[in-house]
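Structure record follows, encoded as structure tokens.
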Amino acid sequence: MGKLRTALGLMVSLLAVQACSTVAGGTGSVNPVVGAWLVNDVDAPFPYHMYVFNADGTLQQANPDAGDPKTSDSDGKGIWITGGDRIKGRWVEVVADRTTHRFTGRTEVSFDIKVNGDTFSGTETARFYDAGGVLTGGPTAPGRLEGRRITYP
């Protein structure tokens, strides 16, 4: 019984180590997109955004709430995957009316980028949905994305 318990404990420990070392793409090494990026979304109402790509395949997006005087939509969350030498994903932000403070819908932005050291470039398209989930705009024509990694120092 003691040997079985020891073997099971070792297996659980090895699985935990494996789970902690796995990253999006399943290679066991850190994908080059992981990190914080200053992104120029050339066609967005406010073109400068921050993206944070996490090793688990999730991401956060933020931009100043200055792109549209009628709505508030400054924070998005999403996912990313690897596809060959490309990174593909989608993030979603909720939209609220600045006057009524009511939920008015969501924006979904899909992207396809290629990382080259501390920069990336690619394209994105957006779809717009009302509060009921009905598509009201998009997909937009592909817009250009350009990213620069945040480094220290």
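Observations, loosely collected:
- When residues of the range 85-120 are limited to those that are small (Gly, Ala, Ser) and assigned to a strand (DSSP E or B), the one nearest to Val30 (Cα to Cα): Gly89
Yes/no per residue for (1) out of contact with any strand residue (DSSP E or B) (no Cβ under 7 Å at 6 or more places or on another chain); (2) closer than 15 Å to Pro45 by Cβ; (3) not charged (D, E, K, R):
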{"position": "Gly76", "(1), (2), (3)": "no, yes, yes"}
{"position": "Trp91", "(1), (2), (3)": "no, no, yes"}
{"position": "Asp112", "(1), (2), (3)": "no, no, no"}
{"position": "Thr119", "(1), (2), (3)": "no, no, yes"}
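- Of all residues in the range 24-49 being free of Cβ contacts under 8 Å to residues at least 24 places away in the same chain and under 14 Å from the mean Cα position of the chain (by Cα), the one that is surrounded by the most Cβ atoms within 10 Å (Cβ to Cβ): His49
- Cβ-Cβ distances below 6 Å connect the following pairs, each with a first residue in the range 57-84 that is hydroxyl-bearing (Ser, Thr, Tyr) and outside any strand (DSSP E or B), a second residue that is at pLDDT 85 or above and surrounded by 13 or more Cβ atoms within 10 Å (Cβ to Cβ), and a separation of six or more residues or different chains: Ser74/Asn63.
- Enumeration of residues in the range 90-121 that are on the phi > 0 side of the Ramachandran plot and modelled with pLDDT of 95 or more: Gly105, Gly117
The values are calculated or read from the model by the stated rules, or taken from the named source; none is laboratory data. This one's a predicted model, so the numbers in the text were calculated from it and none came from an experiment. So basically every Cβ, Gly included, is an ideal-geometry build from the backbone, and we count neighbours across all protein chains shown.
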